[in-house]
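The values are calculated or read from the model by the stated rules, or taken from the named source; none is laboratory data. In this text, all values refer to a predicted model and were calculated from it rather than measured experimentally. Note that each Cβ is placed from the backbone with ideal geometry, even for glycine, and that neighbours are counted across all protein chains shown. Just the protein is used for accessible areas: all its heavy atoms, side chains included, with ligands, DNA and RNA removed. Shrake-Rupley method; radii C 1.70, N 1.55, O 1.52, S 1.80 Å.
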Amino acid sequence: MSQQKIDNRIAIVGYSAILPGGENVFECHDMIRQGLDYVTELPNDRVDVTAYFHPDKTVPDKIYCTRGGFIPDFEFDPREFNLNMKQMEDVDANQTLSLLKVKEALEDANIDPSGKVKKNIGVVLGIGGGQKASHEFYSRLNYTVVEKVLNKLGMPEEDVEAAVKKYKAHFPEWRLDSFPGFLGNVTSGRCSNVFNMTGMNCVVDAACASSLIAVKVAVQELLYGDCDTMIAGATCTDCSIGMYMAFSKTPVFSTKPSVTSYDKDTKGMLIGEGSVMFVMKRLADAERDGDTIHAVLRGCASSSDGKCPGIYSPTISGQELAIRRAWNNAGLDPRTATLVEGHGTGTPVGDKIELTALQNVFNTKEVGCAKEQIAVGSIKANIGHLKASAGCAGMLKVILALKHKVLPRHINVKSPPDVDIQNSALYINTDNRPWFHDPKQPRRAGVSAFGFGGANYHAVLEEYEPEQKQAYRMNRMPEAVILCASNAGELASLCEAEVQKLRGDVNGAYFDEFEMKYKLKRDTNLNGLRIGFVTVGG
């Protein structure tokens, strides 16, 4: 007996975001549309550049990079999220920002974020590495090292005690809320608690691919689990000295002031911070409920590189496998792709491997894509590499492109990359272009995210085209019918009669599509006559 095939189409019914250059989805889209570069100098509240910077990469305990993508200031009212001021002192910004963006995503999906119980709604978030608040708490514990050093130097006991006390004062005190305040895996739990959601909650970590694995887990929960609605996304606010030191000593930071991914002379990556959240439902459920559907997620797949030269070294074969699996899981022909939002960090080796993998997938004889069919870009050129949030930032860019039917520009490219893509299915899209496509199928795109350790993820999305339920009509500018009368009552009657006449016209079906209203205005230049405007299509 054959099994009935599961409809694996997932609707994106809500979203929210804060990225460098945008406090919400509208501002983020404006930043992408205008092709703005929001990589800037390190703010003083992130890293003390004067203390840690040295241009020589080899100097121990120094950073050579002072650039990155940083989110704008945002308002957060702790009372709205059941947090007191003591808790606020201990809670990492990852948790507070996740709460805020989950709330906004719920609102965008027309789900009341208040305390009413939300059955079968779950949340899974990509949260990478240690949270920066933990560095502060653990650093406080180094007071014993300070004490030992000063004692060995022969300082008087009272001076040692005073110095240790001053050292401790630089860091938060350990107390009841400290532990959950800096634990990354508590982030999803706080969201479930504050918004009273009874579905699954968890965080996932696949390094820089964390947000796409969150999407993948959410899809699986919708198709095979206990939830009817899932929130999937990621938050990363760690641009601390620890993060800058780690990437400086890798070293993969760019020596250029901007990210120039997919450029021949690219010099490396730059990091950033941000948060993106999606509300997801099975497509059939979203259509049944009359939800606004921003886009449709058709498939999401993963792979690992297996044995490779090193933990930082991606492989062409591993990335190919994830991309092929995603299109296969979606049940779609890769020839229908016309956009790929790449990982595109800006490292010369990484970009070359990624473009080669894409060529291998879309240039094969079996696929047979046309020359320069697939636009390629990376939002990292605009905002830097958001680490755990990177994949969802790229996915948001694709969703907005599908909604607005525009292929978004990729910035900061002056010369073609070393990989020969001129005669391939790929092209680096450096201008906003109308997104023309084969009318036989919707617009489709892929999104990639790859993480340290050979974690490869790719998602396939398409635009949502609801079934047309009424006759098409031409858009018309508002037209005014001017009526005159000697008093307001008479004029109102004339206006009402004109509206009824238009509705009863032979083209009444057409006029009935418009909002019709009238305004009354007194004009003394016309000897006290009252003038009425009936606006059709206004």
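In this structure, does V460 turn out to be under 30 Å from H410 (Cβ atoms), at pLDDT 55 or above, assigned to a strand (DSSP E or B) and not polar (S, T, N, Q)?
Yes: the conditions hold for V460.
All but one of (1) out of contact with any Phe, Trp or Tyr (no Cβ under 7 Å at 6 or more places or on another chain); (2) touching a residue at least 12 places away in the same chain (Cβ under 8 Å); (3) within 23 Å of H135 (Cβ to Cβ) hold for D45; which doesn't?
Among (1) out of contact with any Phe, Trp or Tyr (no Cβ under 7 Å at 6 or more places or on another chain); (2) touching a residue at least 12 places away in the same chain (Cβ under 8 Å); (3) within 23 Å of H135 (Cβ to Cβ), the lone unmet condition for D45 is (2).
Can you find even one residue in the range 398-418 that is surrounded by 24 or more Cβ atoms within 10 Å (Cβ to Cβ), at pLDDT 95 or above and part of a loop (DSSP other than H, G, I, E, B)?
The answer is yes; a qualifying residue exists.
Report yes if P257 is at pLDDT below 95, on the phi < 0 side of the Ramachandran plot, open to solvent by 40 Å² or more (accessible area, probe 1.4 Å) and touching a Lys or Arg at 6+ places or on another chain (Cβ under 8 Å), otherwise no.
No: the conditions fail for P257.
Give me a count of the residues in the range 69-80 that are farther than 21 Å from A388 by Cβ and open to solvent by less than 60 Å² (accessible area, probe 1.4 Å).
2
Mind telling me which of the residues T66, T58 ends up being closer than 30 Å to S248 by Cβ and free of Cβ contacts under 8 Å to residues at least 24 places away in the same chain?
T58
Tell me yes or no: at least one residue of the range 195-205 is in contact (Cβ under 8 Å) with a residue 12 or more places away in the chain, more than 20 Å from the chain's Cα centre (by Cα), over 24 Å from A455 (Cβ atoms) and outside any loop (DSSP other than H, G, I, E, B).
Among the residues of the range 195-205, at least one is in contact (Cβ under 8 Å) with a residue 12 or more places away in the chain, more than 20 Å from the chain's Cα centre (by Cα), over 24 Å from A455 (Cβ atoms) and outside any loop (DSSP other than H, G, I, E, B), which makes the answer yes.
Return the residues of the range 288-314 that are touching a residue at least 24 places away in the same chain (Cβ under 8 Å), farther than 21 Å from Q220 by Cβ and surrounded by fewer than 20 Cβ atoms within 10 Å (Cβ to Cβ); say none if nothing qualifies.
Passing the criteria: T292, G306, C308, I311, Y312, S313.
From G368, G391, grab the single residue that is in a loop (DSSP other than H, G, I, E, B), of a type outside the set (V, I, T) and in contact with a helix residue (DSSP H, G or I) (Cβ under 9 Å, 6 or more places away or on another chain).
G368
When you scan the range 221-258, how many residues do you find that are over 20 Å from the mean Cα position of the chain (by Cα) and within 24 Å of Y15 (Cβ to Cβ)?
8
Would you confirm, using the coordinates I've provided, whether A214 is touching a residue at least 12 places away in the same chain (Cβ under 8 Å), crowded, with 21+ Cβ neighbours inside 10 Å, assigned to a helix (DSSP H, G or I) and within 18 Å of the chain's Cα centre (by Cα)?
So A214 fits the description; yes.
May I ask you to list pairs of residues, at least six apart or on different chains, whose Cβ atoms are under 6 Å apart, with the first in the range 220-239 being in a loop (DSSP other than H, G, I, E, B) and the second being of a type in the set (D, E) and buried (at least 24 other Cβ atoms within 10 Å of the Cβ)?
Going by the 6 Å Cβ cut-off, the qualifying pairs are T237/E273; C239/E273.
Just to check your reading of the model, which residue among I379, I374, I353, I311 is over 25 Å from the mean Cα position of the chain (by Cα) and on the phi < 0 side of the Ramachandran plot?
Matching residue, one of I379, I374, I353, I311: I311.
Return yes or no: is A480 in a strand (DSSP E or B), within 40 Å of the chain's Cα centre (by Cα) and modelled with pLDDT of 60 or more?
Taking the combined requirement at face value, the residue does not satisfy it.
Looking at the structure I just gave you, is Y38 buried (at least 18 other Cβ atoms within 10 Å of the Cβ) and either farther than 22 Å from G129 by Cβ or among the acidic types (D, E) (or both)?
Spelling it out, Y38 is indeed buried (at least 18 other Cβ atoms within 10 Å of the Cβ) and either farther than 22 Å from G129 by Cβ or among the acidic types (D, E) (or both).
Part of a helix (DSSP H, G or I) and exposed (fewer than 14 other Cβ atoms within 10 Å of the Cβ), is that true of A51?
When the stated conditions are applied, A51 passes them.
Do you know which residues across the range 438-454 are modelled with pLDDT under 95 and either under 21 Å from A232 (Cα atoms) or open to solvent by 50 Å² or more (accessible area, probe 1.4 Å) (or both)?
D438, P439, K440, G451, F452 - these are the residues of the range 438-454 that are modelled with pLDDT under 95 and either under 21 Å from A232 (Cα atoms) or open to solvent by 50 Å² or more (accessible area, probe 1.4 Å) (or both).
Quick one: would you say N185 is in contact (Cβ under 8 Å) with a residue 40 or more places away in the chain, open to solvent by 40 Å² or more (accessible area, probe 1.4 Å) and either on the phi > 0 side of the Ramachandran plot or touching a Ser or Thr at 6+ places or on another chain (Cβ under 9 Å) (or both)?
In short, no.
Are there helices (runs of 4 or more DSSP H) fully within the range 92-180 with at least 3 residues that are at pLDDT 95 or above, loosely packed, with under 13 Cβ neighbours inside 10 Å and β-branched (V, I, T)? List them.
143-152
Which ones in the range 6-31 are part of a helix (DSSP H, G or I) and touching a residue at least 24 places away in the same chain (Cβ under 8 Å)?
The answer is V25, C28, H29, M31.
Quick check, is R175 closer than 25 Å to E273 by Cα, within 37 Å of the chain's Cα centre (by Cα) and basic (K, R)?
no
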